[in-house]
Structures are given as C-alpha cells and as structure tokens.
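See structure below.
Read-outs: derived from the displayed coordinates by stated rules, not from any lab. Only a predicted model underlies this, so the values are computations on that prediction, with no experimental measurement involved. Neighbour counts run over all protein chains shown; Cβ positions are idealised from the backbone, glycine included.
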Amino acid sequence: MRKVHQNFRIGVRLLEKGQAAQALALAEELIRSEDEMDRVDGYSCRGMVFEDGGQDVSVDLDRSIDSYRRASLIAPNAVTFLYLARVTLKRKEFPQSLRFLEISAGYEETPELLLGFAQWFEESDPPDYGMAKSYYAKAALSGRFAGFFGYSRVARAAGQPLRALAVDIARILSGPLIALAIGTRARFQF
C-alpha cells in the first residue's frame with residue numbers, strides 16, 4: 001500500500017478540526033501537482049471537504065462525488081469506490097451505492113467495507129435487518145467499534161432489545177482489549 005502525501009494527512013486533521021477552507025486549499029494544491037498519485041490524494045481530500053463541509057465551506061455532495069470519481073479514474077481501488085458508495089448512500093441513491101460497494105469489494109474486503117454494506121442494508125427501503133446485523137457482526141469481529149454500535153442499533157430496531165444489550169455488554173468488556181490490539185483503527189467507520 002502506498003503512502004499518502006503529507007498534505008493529505010494535514011488536510012484530514014484540519015477537517016477533523018472543522019477547518020475545511022484550509023483543507024480545501026491543500027487539496028487544490030495537490031490536484032495541481034504533476035504527480036498523478038498526489039492528484040488522487042488531492043481529489044480524495046477535496047471530496048472529504050465537500051462531503052462533510054466545515055468552517056467557510058458548505059456541504060456539496062455533487063462536488064464531493066465529482067472529486068471522488070476523478071480519484072477513482074486515476075487510481076481505481078477499494079478506497080476510492082468506498083468513498084463514492086458513502087456519498088451516494090448519503091444521497092439515498094441505493095442502487096448506485098450498492099454498485100460502488102460491490103466494485104470496492106472486488107478490490108479488497110476491509111472492515112470499513114463491511115460497515116458500508118451493513119449501513120446499506122440498514123437504510124435501504126425496505127431495510128434488511130438480518131443482513132445488516134450480519135455485516136455489523138463481521139465488522140465488530142474485525143475490531144471496529146462501529147460494528148458493535150450498528151449491530152446494537154439494528155437489533156433494537158428489529159425488536160431484539162436483549163440481543164442489543166448483550167452486544168453492548170460485549171463491546172464494553174472487549175473494548176479496552178480491542179483498543180490495545182488494534183489502536184485507532186478500531187474507531188474507523190464507513
């Protein structure tokens with residue numbers, strides 16, 4: 001796996017602080033680069049900026065999708081298609097989101113991909129709580145806290161409060177061990 005550009009990392013940290021305008025400036029700088037992989041980082045960062053918005057930058061899912069598409073055209077991989085799936089799911093474009101999830105799965109099955117499928121099954125119309133729980137459980141077993149939270153939420157929605165309670169207890173008991181073993185990756189989400 002290749003290393004991402006330092007400005008991409010800085011841009012993500014700026015986004016976490018809500019400083020989207022500065023992150024966007026770094027993204028645009030990367031997009032102007034001669035290096036193709038730097039442009040991928042730039043388009044990905046710009047997609048994140050418009051997906052989440054922040055200080056001085058409004059959410060614009062159309063521009064986010066455009067940026068992620070450009071990144072996927074330069075370097076098609078699991079991550080770029082996962083980004084596209086996430087934004088199209090936010091727009092409730094279920095067929096397109098599923099297509100991007102399936103393309104991403106063709107490259108690599110990651111815990112974040114499992115969370116994406118779980119969210120898709122949870123939010124689709126009608127929801128498929130059984131499949132959602134299955135994917136959330138796989139993500140939880142891969143050490144993602146979002147898998148535990150999602151499984152619990154879906155179990156409650158499906159009328160299974162005791163199962164949800166059992167998963168919550170398992171998360172509380174295993175949480176410190178998962179955090180030690182996996183570190184910050186345990187907090188990664190779709």
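Miscellaneous remarks
- Pairs are defined by a Cβ separation below 6 Å, a sequence spacing of at least 6 or placement on different chains, a first member in the range 10-29 that is free of Cβ contacts under 8 Å to residues at least 40 places away in the same chain, and a second member that is among the acidic types (Asp, Glu); the pairs so defined are Ala21/Asp56.
- Any hit, the range 33-41, residues being part of a strand (DSSP E or B) and more than 30 Å from Gly130 (Cβ to Cβ): no
- Checking the range 130-144 against the condition returns no match, with no residue being closer than 18 Å to Thr80 by Cα and without any contact (Cβ under 8 Å) to a residue 60 or more places away in the chain.
- Total residues in the range 150-187, condition buried (at least 17 other Cβ atoms within 10 Å of the Cβ) and in contact with a Lys or Arg (Cβ under 8 Å, 6 or more places away or on another chain): 6
- Residue tally, condition surrounded by fewer than 20 Cβ atoms within 10 Å (Cβ to Cβ) and under 21 Å from the mean Cα position of the chain (by Cα), over the range 22-38: 2
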